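Undergrad: My structure is below; once you've seen it, I'll send some questions.
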Amino acid sequence: MPLLTLAGICHAFPSRTVLDGATLSIEPGEKIGLVGRNGAGKSTLLRIITRDLQPDEGSMQMARGIRVGHLNQHPEFVPGDTVKQAASRAFDALHAAQAELEQVYEDMATAEGDQLEKLMERQSNLDTRIESLGGYAIEHRVDATLHGLGLEDDRFDQPVETLSGGQKARLGLARLLLESPDLLLLDEPTNHLDIHGRRWLETFLSEEFNGAVIVISHDRWLLDRVVERIVEVEIGRVLEYPGNYQAFITQRHERKLVEQRVHEKQLDRIRAEETFIKKYKAGQRAKQARGREARLERYKRDELSERPIELDVIELNLPIPPRSGDVLVGAEHLRKAFDDHVLFDDVSISIRPGDRIGVIGPNGAGKTTLIRSILGDLEADEGRIRRSPRLSVGWFRQNQDHIDPERTIWEYLQKTMADANPDGQVREQDARNLAGAFLFSGAEQEKTIDLLSGGERARMVLAGLVASPMNLLVLDEPSNHLDIPSAERLERALVNYGDAKEGRGGALVLISHDRALVEATCTTLIVFDGEGNVRLFNGRYSEWAEKDRLRIQELQEEESASRQKVISRQKAEKAKIRKKEDQARAATKRQSAFSKLSMKELEKRIESTESRIREIDELMIQPEVYTDGKKTRELQSERRSLAEDLEPMEFEWSCRADDS
């Protein structure tokens, strides 16, 4: 039975319709990726599911009793809570059930008859509920989830009010994941996560979380590894594709080709009809022509499909960067620290024409600081930097306040391209072609910059950078505000950026948590571990990720083996202790038995035991005995037993002798 069914959902805002007859069914445990252009209606669909928005038309059926969890972009916390307390509030229902169970136990101590029966039934129900809510082993789940999302132990006691916006977003995500709802709705969950956090989240969603998931994300790497169905929102429609994101790309392209062929055939029919109507509208067949004209208008209105939205990228003729020599930037033994916190130490890097360098690592590790130091925007504490006199840098930063807000998109691109062009001349059509290649339609190109969203502004600036003849392109988190189609356009432009022939190639330095973008464009990695260590890796991200996975697996196996050794040693020590304790208890038991004897009886018993031991020793040297294995074993066993009895008897005798 489906968890949720949407049928015929329609919703419009004053300026446009975002959903037009959307239908969707979600099964238990299903992992769904929700994709589409920014503004297509993805978040609107989630708000309808959470009942934060009432659709204009359509219905929604939800299975009884299911819990829906929605990632709020601005989570709220109880004032005064620490990070650990705020995350643990995911288990408030569990804590309440445990408190009620304690009260039930107290009441049972004095209850009788029917009241006791009712309390016992309540106890059973509470036990079942506590088990379903996670039981008593929740402490490690809270810690593991916080660690996975980049909130380490030193943050656990920090008040939530002192967290940054990104830290609050991660804490809100941690609390939501710990709540384990039946249906989890995630809207851009990776926005504030570094690569480690993204890897942890995709592992959690794909391997540990048993509920259903609908995720809106521009992280194509995560979509490929988590989801099993893609739902696309396009011009008000909801279209479904089985498989992950890569499967969706292939299927969508095939569907677009079919739609294009159908559309072209329809246009051929329309052109043929229009030719007939134009030819005979004023002649003897005018009546027939008018009839066909009326039918043609109905056909256009009711049957003509829309021209498909293309996935193909307009080919860009990007300029060849200026000649720069063998080395653009050379840095040796760089070090940078703030107070006692070392970001990097003894780092040496050479950037050459044609290099494609990705910079990855945790948030706050020093990635941007290193690049700023290399480019001279920030002075390193130690080290030497050499820059080519022909170096020209195109730098995408997070802050774009220097841009004239009154220019239109195409005007900005034309000026940017002209400023970077040696002859200073760029045609308006070239600027418009570039804008179109980065998904700005004809009408959108006339928008002034002050009206652009963060994603549109980032897309515009990136378009200007990749189309400028710079020999070093530095991009710092360029895809943060981009939807998937925009990120794919950027990716293809970067793949085509520069030409490494004859020392005229453009080099790329990309700081990014977008693993798909890094994988497609970078062949060398600068890897920060967040503890002041930086290393170079020659290869693509997927190769590094596999090596890192094996490294972590090896460390875990070593830790496991070490733990097993400790456990085995502890078991052996405990076994020795238990043996000594058993021997002591046995000796004490025997001693306590002899303490009941009188002194005379005790002396007689000692003498008898010693006498029998001597007899056994004499028997053991006789040939007829020591050649008889069975007899020998019997005598040895008897002697051991007598010796064990003799020790506590002598101890008892000595204690009495001392007392007298």
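The values are calculated or read from the model by the stated rules, or taken from the named source; none is laboratory data. Because the structure is a prediction, the values reported are computed rather than measured. Virtual Cβ from ideal backbone geometry, glycine too; neighbours counted across all protein chains shown. The accessibility values were calculated without ligands, DNA or RNA, using every heavy atom of the protein model including side chains. Shrake-Rupley method; radii C 1.70, N 1.55, O 1.52, S 1.80 Å.
Undergrad: Given all pairs of different Cα atoms, what value in angstroms does the Kirkwood hydrodynamic radius of region 364-467 take?
TA: 15.5 Å
Undergrad: Another question about this same structure. Please give the solvent-accessible surface of Y280 in Å², to the nearest 10, using a probe radius of 1.4 Å with every protein chain present.
TA: My reading of the accessible area for Y280 is about 60 Å².
Undergrad: Which percent of the accessible area of the chain is formed by carbon and sulfur heavy atoms (probe 1.4 angstrom)?
TA: Carbon with sulfur: 48 percent of the solvent-accessible area.
Undergrad: Quick check on my link table: of K279/K300; K42/K256; K579/K600; K265/K287; K84/K576; K367/K415, which ones sit more than 29 Å apart, alpha carbon to alpha carbon?
TA: Too far apart for the 29 Å limit: K579/K600; K84/K576; K367/K415.
Undergrad: In cubic angstrom, how much convex hull volume per residue do the alpha carbon atoms of region 277-398 span?
TA: With only Cα atoms used, region 277-398 gives 214 Å³ per residue.
Undergrad: With a 1.4 Å probe and all protein chains kept in place, how much accessible area does D114 have, in Å² rounded to the nearest 10?
TA: Answer for D114: close to 120 Å² accessible.
Undergrad: Could you tell me the accessible area of D529 in Å² (1.4 Å probe, neighbours in place), rounded to the nearest ten?
TA: Counting only protein heavy atoms, the figure is 70 Å².
Undergrad: Based on the Cα coordinates of region 171-323, what is the per residue volume of their convex hull in Å³?
TA: 195 Å³
Undergrad: Determine the principal axes of the Cα atoms in region 42-92, then give the extent along each, sorted from largest to smallest and rounded to whole angstroms.
TA: Reported extents, whole Å, longest axis first: 43, 24, 15.
Undergrad: Taking 2.2 N^0.38 Å as the expected size of a compact globular protein, what ratio does the Cα radius of gyration of the chain give against it, to two decimals?
TA: Against the empirical 2.2 N^0.38 Å value, I get 1.49 for the chain.
Undergrad: Work out the FRET efficiency for Y299 and A12 from their Cβ-Cβ distance, taking R0 = 25 Å, and round it to the nearest 0.05.
TA: About 0.40, to the nearest 0.05.
Undergrad: Could you sort L378, L146 by their accessible area in this structure, using a 1.4 Å probe and putting the largest first?
TA: L378, L146
Undergrad: How fast does region 1-82 diffuse by Stokes-Einstein, in µm²/s, taking the Kirkwood radius from C-alpha pairs at 10 °C and 1.306 mPa s?
TA: 110 µm²/s
Undergrad: Just for the chain, what percent of DSSP beta bridges are antiparallel, to the closest 5?
TA: 55 percent
Undergrad: Taking the Cα centre of each part, how many Å lie between region 87-104 and region 328-403?
TA: 51 Å
Undergrad: Just going by the charge dipole of region 1-117, with Lys and Arg at +1 and Asp and Glu at -1 on Cβ, which of T17, M108, Q98 is farthest out on the positive end?
TA: Sorting the options by dipole projection puts first T17.
Undergrad: What's the magnitude of the charge dipole for the chain around its Cα centre, counting Lys and Arg as +1 and Asp and Glu as -1 at the beta-carbon? Answer in Debye, nearest 20.
TA: In debye, rounded to 20, the chain gives about 3140.
Undergrad: Could you give the nm distance between label points at V262 and Q284, where each point is 7 Å from its Cα heading toward the beta carbon?
TA: 4.1 nm
Undergrad: Right, another one. Taking every pair of alpha-carbon atoms in region 415-550, give the share separated by more than 20 Å as a whole percent.
TA: Summing the P(r) tail past 20 Å for region 415-550 gives 53 percent.
Undergrad: First measure r as the distance between the Cβ atoms of R89 and A144, then evaluate 1/(1 + (r/R0)^6) with R0 = 22 Å and state the FRET efficiency to the nearest 0.05.
TA: E(calc), rounded to 0.05, equals 0.85.
Undergrad: Report the net charge of residues surrounding G41, where surrounding means a beta-carbon distance below 12 angstrom and charges are Lys +1, Arg +1, Asp -1, Glu -1.
TA: +2
Undergrad: Work out the charge dipole of region 250-387 with +1 on the Cβ of Lys and Arg and -1 on the Cβ of Asp and Glu about the Cα centre, then indicate which of G383, S324, V347 is farthest towards its positive end.
TA: Final value for the positive-end residue is S324.
Undergrad: Using Cα pairs closer than 8 Å and at least 6 residues apart in sequence, work out the relative contact order for the chain, in percent.
TA: 12 percent
Undergrad: For region 397-462, which GluC sites (Glu not before Pro) are both in a DSSP coil and crowded by at most 16 other Cβ atoms within 10 Å?
TA: E406
Undergrad: Taking the dipole about the Cα centre of the chain, with the C-beta of Lys and Arg at +1 and of Asp and Glu at -1, give me whichever of G211, A282, Q158 is farthest to the positive side.
TA: It is A282.
Undergrad: How much length would be gained if the chain were fully extended between D154 and A572, taking 0.36 nm per residue of separation minus their Cα-Cα distance, in nm to one decimal?
TA: Additional length available on full extension: 146.9 nm.
Undergrad: Can you tell me the accessible area per residue over the chain, all protein chains present, probe 1.4 angstrom, in square angstrom?
TA: Accessible surface, normalised per residue, equals 55 Å².
Undergrad: Right, another one. Let me know the whole percent of all Cα-Cα pairs from region 182-262 that are separated by more than 16 Å.
TA: Considering region 182-262, 56 percent of its Cα-Cα pairs are separated by more than 16 Å.
Undergrad: Right, another one. When only the heavy atoms of the protein chains count and the probe is 1.4 Å, how do E161, E202 rank by accessible area, highest first?
TA: E161, E202
Undergrad: Taking Rh as the Kirkwood radius computed over C-alpha pairs, what is the Stokes-Einstein D of region 20-144 at 20 °C in a medium of viscosity 1.002 mPa s, expressed in µm² per second?
TA: D = 113 µm²/s.
Undergrad: OK, next. Please state, to two decimals, what the Cα-based radius of gyration of region 82-226 comes to when divided by 2.2 N^0.38 Å (N = residues).
TA: Normalised by 2.2 N^0.38 Å, the Cα Rg of region 82-226 equals 1.29.
Undergrad: Summing -39500 (n - 2.57) over the DSSP H runs of n ≥ 4 in the chain and dividing by its residue number, what mean residue ellipticity at 222 nm do you reach, to the nearest 500 deg cm²/dmol?
TA: Helix contribution divided over all residues of the chain: -16000 deg cm²/dmol.
Undergrad: If contacts are Cα pairs under 8 angstrom and at least 6 residues apart, what is the relative contact order of region 409-472 in percent?
TA: 44 percent.
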